[in-house]
Amino acid sequence: MRRMFGFLIGVVVGGLVGSTIALLLAPESGEELRSQLRDRGQGFFNEVRHAADERKIELRQKLDELRAPREG
């Protein structure tokens with residue numbers, strides 16, 4: 001029981017020390033980091049949407065070419 005209690009104290013103290021160090025060494029505040037992640041995510045989503053729209057146009061053109069009656 002005593003070993004388990006000592007282990008749990010070590011885990012809690014280690015977690016507190018680790019989180020404190022992480023907060024002190026973080027390059028931006030939490031709000032700034034969330035804002036950057038949100039902007040990057042939105043930019044990535046827009047790029048994917050744009051690529052999908054371009055591919056959709058290409059596939060429709062190809063389909064129209066295949067549906068068009070052949071001459072000759």
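Quick notes on this one:
- Here, the chain yields an orientationally averaged convex hull projection of 10.5 nm² when only Cα atoms define the hull.
- When shorter helices are ignored and each DSSP H run of at least 4 residues is given -39500 (n - 2.57), the per-residue value for the chain at 222 nm works out to -31000 deg cm²/dmol.
- A simple spin-label model places pseudo-atoms 7 Å from Cα toward Cβ; at GLN61 and ASN46 they are separated by 2.4 nm.
- For the chain, a crude dipole built from +1 on the beta carbon of Lys and Arg and -1 on the beta carbon of Asp and Glu, taken about the Cα centre, is about 500 debye to the nearest 20.
- Separation of the ARG3 and GLU28 label points, Cα + 7 Å toward Cβ, nm: 4.6 nm
Just so you know, all these numbers are worked out from the coordinates, no wet-lab data involved. Since the model is a prediction, treat every value here as computed from it, not as a measurement. With ideal geometry, Cβ positions are generated from the backbone for all residues, glycine too; neighbour counts draw on all protein chains shown.
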